[in-house]
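See structure below.
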Amino acid sequence: MSNKPEILIARAIFPEAVARLEEHFVVESNQSDESWTQAQLVSKLRGKHGVLTTGGERIDEALLSACPDMKICANMAVGYNNFDLDAMTRHGVLGTNAPDVLTETTADFGFALLMATARRMTESEHYLRAGQWTRWGFDMFAGSDIHGSTLGIIGMGRIGQGIARRGAHGFDMRVIYHNRSRLEPRIEAECKASFVDKQTLLKEADHVVLVLPYSPASHHTIGAADLALMKRTATLINIARGGIVDDAALAAALKEGRIAGAGLDVFEGEPKVHPDLLALSNVVLTPHIASATLPTRRAMADLAADNLIGFLIRRAALTPLNPAAVASGR
Ligand code: DGY
């Protein structure tokens, strides 16, 4: 019998990361990437001391009560709305996430989605592929400008700041932002960004980018009333989380031309997508891939593995979310 700690890797990840974890732990790994129900996840986690999650697995009170040996859940994602952190702290289970390593990659993608939406790239590509392009037209797929326009960012953490820097320095955009708290003057100056209230941002921005974390407080940050404040020529980009936008209200606004377009990487109830969004051409849809470059996904897997090794072997995780869980001792 091994006295190594036992861990579960809940989804397929890089084989090198699995091999590294196997040096320290008895590992059960879902390398076939089967979809597990919550009950199957709980049953796999019984007797395990740690789990590597990828952001979709729900770690809640019921699961924690059924898995009393659990000590750490390491998310391979910066967002951690799949964790009930209060319950984890009560059960003495540490949560960790994967910040920083994905900041620039995700900011690149946010900006790419903004550009694709404003310049109607996927819509025009579908038209071309369908053989509909027969002649030049003076307003054919005319979109909106990015350079010199006003960029409004809601959620000005590290990724939001990355998008602001791209807009301000690369595209000469005026950058306004709204956040729970105002940034230090040094960071505002670096990003050339001015703090405004949410209503002002929605009224003045040509492109609104959402990069805030999901929580019950941020649920439907953008609903029908917020969309009504935006310019008819504006675009809305969501790379944050499904549920931050009321997708049904957004589909209605897009259908009626109340805003010009949207770029969405995340959806309420994903991987399902609201059928009204699927039917519209003025929306660019991508399957939650903002952090998906191989170097970044490797770095995210490595950080999650480092957190498991650091904590279960040396009692020191790199990016703890609820250090109080450890202080409470179990
Ligand atoms: C994150 O890290 O939270 C991303 O959404 C996952 O790609």
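The values are calculated or read from the model by the stated rules, or taken from the named source; none is laboratory data. Everything numeric here is computed off the predicted structure, so don't read it as measured data. Counting neighbours? That spans all protein chains shown, and the Cβs are built from the backbone with ideal geometry, glycine included. Ligands, DNA and RNA are stripped out before the accessible areas are found, and what is left, the full protein with its side chains, is counted by its heavy atoms. Shrake-Rupley method; radii C 1.70, N 1.55, O 1.52, S 1.80 Å.
Relative protection proxy for 194-202, 47-55, 79-87, 272-280, from highest mean packing down: 47-55, 79-87, 194-202, 272-280 (other beta-carbon atoms within 10 angstrom). Histogrammed with a bin width of 10 Å, the alpha carbon distances of the stretch 103-285 distribute as 10, 40, 36, 12, 2, 0 percent, first bin at zero.
Does anything in the stretch 48-68 have its amide N under 19 Å from the 7 Å Cα→Cβ label point of E23, and if so which residues? Once the point is set 7 Å along Cα→Cβ of E23, 52 turn out to lie under 19 Å by backbone N, inside the stretch 48-68.
For the stretch 103-285, a crude dipole built from +1 on the beta carbon of Lys and Arg and -1 on the beta carbon of Asp and Glu, taken about the Cα centre, is about 200 debye to the nearest 20. Kirkwood radius and radius of gyration were both taken over the C-alpha atoms of the stretch 281-330, and their ratio Rg/Rh is 1.24. Among the protein heavy atoms of the chain, carbon and sulfur supply 54% of the accessible surface, probe 1.4 Å, non-protein parts ignored.
If you take all C-alpha pairs in the stretch 162-248, what percent of them are over 21 Å apart? Percentage above 21 Å: 29. Start at zero, step by 20 Å, and the Cα-Cα distances of the chain spread as 30, 51, 18, 1 percent across the bins.
Peptides 126-135, 308-317, 96-105, 63-72 ranked from most to least packed, by the mean per-residue count of other Cβ atoms within 10 Å: 96-105, 63-72, 308-317, 126-135. With the Cα gyration tensor of the stretch 1-84 giving a ≥ b ≥ c as the square roots of its eigenvalues, does the rule (a/c under 1.5 for rounded; else a/b larger than b/c for prolate; else oblate) give rounded, prolate or oblate? It comes out oblate by the Cα gyration axes. All distinct Cα pairs of the stretch 212-258 go into the 1/r average, and the inverse of that average, the Kirkwood radius, is 10.9 Å.
Accessible area per residue (1.4 Å probe, heavy atoms of protein chains only) ranks E6, E188 as E6, E188, with the largest value leading.
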